[in-house]
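Presented below is the structure to which this report refers.
The values are calculated or read from the model by the stated rules, or taken from the named source; none is laboratory data. Note that the structure is predicted; figures quoted are calculated from it, not measured. Cβ placement follows ideal geometry from the backbone for every residue including glycine, while neighbour counts extend to all protein chains displayed. Each accessible area value is taken on the protein alone, full model and side chains, heavy atoms only, with ligands, DNA and RNA left out. Shrake-Rupley method; radii C 1.70, N 1.55, O 1.52, S 1.80 Å.
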Amino acid sequence: MVMNASKSFLFSLAKRHYAAAASPKAASCSSKEVQVTTLPNKMRIASMESPLPGLCKVAVAIKAGSRYEKPDNLGVSHILRSSAGLTTKCASHFAISKNIQQIGATFSATSDRETIVYMLETNNENVECGLQYLKYAMVGQEFRPWELTDNIPRIKYEIAIVPPQVKVIDMLHKAAYRTGLGNSIFVKKYNIKKIGTETLQHFVATNFLTNRTSVAGVGIDHNTLMHFGEALGFSCEEGETSKAKYYGGEMRKDTNSHLAYAIIAGESAGLNKKEVFAYAVLRHALGTGPSTKRGVGCSPLCKAVANSLGPATAQALAMAHADSGLFGVLISCSPEDANNVVLSVMKALKAGVTDSDVNRAKAQLTSQLLYCSESADTLLNDIVNQCALMGGAKSPAHLLSDIAAVTTSEVQQALQKIVSGKKSMAAIGSIHNVPYLADII
């Protein structure tokens, strides 16, 4: 079994990933349609044909990410994800692991600020058994104290290997939103042992509700998914809702590092706004780093850091959430040159983008989407998260149409909103030469 905190690249059109060329066969995948049904209990079911015949993947997304944590249980979503596959009322940890391995299947859990996603991968012949143990792993989780204790070393290891780029993005959300979306996706070390059985069970009871759950599958019959969703037996209560509020701010953390990492961002569109596609195009127009390994990019951001004294990179990030988003630039550079690099990047942002930049960005984004649609994993993650956060799902073909409809004027307006709006900033590493936010706006 695998547990991590990653998220679908395809669903993250407006999130951090690298450009890739499209496969010649990818266009055939983009024409497939997504079938979506809302059950009477408000649970959403979606299915689509698999890019790989014979392969079946099922994902259950529940709106139980870190944004739904309270001050007294911060980090509970991280512990919950790491506890996936432990003993439940239906089966022991050993039974879940053994039976999933016996049929050659894999079970994984991923989480982020919005959702926790449980995923099963198996072949068509073992779907029934696989779905049974996918259900067993989610329903009636007991969180036995001794199993949680045994899990602590792995949680500490997960925290220890978090790269600085991820840490600075986490800090940016804290500066921008304070609470809710500002909650860290990682549990604090001092809270690991404090979050026990009762806290986890209360969090599950509060968030594992039918109207907060979406089930999606590729290569599986739609009716089978509907029966599976009904059999989960989650409560039909409404549950709490919270709206994201952007504040803006700055966070800095000096650490023992040979590099400085900084990110400067402003509020952008959420997934509930059509402008999210303009920001996705803007990201590629400004630059996401070189498209070739060890290459030198020709995007505005690559040119902005080309004359730095030491190693330096700058890439645009567009992080879209259900009802809000952040757009900015992530900078990595040598500490001695940090001030010049940050100022050069801000100058590039104010210079804007041209028609040529936008056309290149749309081509890159289209290629990337088609490439990702060839992967059953990214396709499934995309569909299930769309259902969970947007109430429906668009096929790659529809997303391609939305990208093609973006105009240069819309992209320039999106950039102007970031440049002129209230900003947030986070910095980590050897940051003595990184300018403060007040000095660059």
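Would you mention how many residues in the range 251-288 are open to solvent by less than 20 Å² (accessible area, probe 1.4 Å) and not aromatic (Phe, Trp, Tyr)?
Initial filter on the range 251-288 (open to solvent by less than 20 Å² (accessible area, probe 1.4 Å)): 260, 262-266, 268-270, 276, 278-288.
In the following step, the residues that additionally are not aromatic (Phe, Trp, Tyr) were identified as 260, 262-266, 268-270, 276, 278, 280-288.
Qualifying residue count, the range 251-288: 20.
Conditions (1) among the basic types (Lys, Arg); (2) touching a Phe, Trp or Tyr at 6+ places or on another chain (Cβ under 6 Å); (3) assigned by the TED database to the domain that holds Ser373; (4) more than 18 Å from Ser184 (Cα to Cα), marked per residue:
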{"position": "Arg67", "(1), (2), (3), (4)": "yes, no, no, no"}
{"position": "Pro71", "(1), (2), (3), (4)": "no, no, no, no"}
{"position": "Thr87", "(1), (2), (3), (4)": "no, no, no, yes"}
{"position": "Ser108", "(1), (2), (3), (4)": "no, no, no, yes"}
First in the range 173-184 and under 19 Å from Lys423 (Cβ atoms) and assigned by the TED database to the domain that holds Ser66, second anywhere and in a helix (DSSP H, G or I) and of a type in the set (A, V, I, L, M, F, W, C), Cβ under 6 Å, 6 or more apart: His173/Leu181
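Considering every residue within the range 355-378, establish whether at least one is among the β-branched types (Val, Ile, Thr), open to solvent by less than 10 Å² (accessible area, probe 1.4 Å) and in contact with a Leu (Cβ under 9 Å, 6 or more places away or on another chain). So that I can check it myself, show each step before the final result.
Going through the range 355-378, the residues among the β-branched types (Val, Ile, Thr) turn out to be 358, 366, 378.
Keeping just the survivors that are open to solvent by less than 10 Å² (accessible area, probe 1.4 Å) gives 358.
Then drop every residue that is not in contact with a Leu (Cβ under 9 Å, 6 or more places away or on another chain), which leaves 358.
Yes, the range 355-378 has at least one match.
Determine, yes or no, whether Leu148 is in contact (Cβ under 8 Å) with a residue 40 or more places away in the chain and open to solvent by less than 30 Å² (accessible area, probe 1.4 Å). Give the derivation first.
Values: in contact (Cβ under 8 Å) with a residue 40 or more places away in the chain: yes; open to solvent by less than 30 Å² (accessible area, probe 1.4 Å): yes.
Answer is yes for this residue.
So, Ala61, is that one at pLDDT 95 or above, open to solvent by less than 40 Å² (accessible area, probe 1.4 Å) and either part of a strand (DSSP E or B) or among the small types (Gly, Ala, Ser) (or both) or not?
Against the criterion (at pLDDT 95 or above, open to solvent by less than 40 Å² (accessible area, probe 1.4 Å) and either part of a strand (DSSP E or B) or among the small types (Gly, Ala, Ser) (or both)), Ala61 qualifies.
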Subset of the range 374-401 (residues that are of a type in the set (D, E, K, R), closer than 17 Å to Leu55 by Cα and in a loop (DSSP other than H, G, I, E, B)): Glu374
The range 300-327, residues that are farther than 30 Å from Asn385 by Cα and in contact with a Lys or Arg (Cβ under 8 Å, 6 or more places away or on another chain): Ala304
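Evaluate the following for Ile383: is it open to solvent by less than 10 Å² (accessible area, probe 1.4 Å), under 25 Å from the mean Cα position of the chain (by Cα), farther than 16 Å from Glu275 by Cα and not polar (S, T, N, Q)?
On the way: open to solvent by less than 10 Å² (accessible area, probe 1.4 Å): yes; under 25 Å from the mean Cα position of the chain (by Cα): yes; farther than 16 Å from Glu275 by Cα: yes; not polar (S, T, N, Q): yes.
The answer is yes for Ile383.
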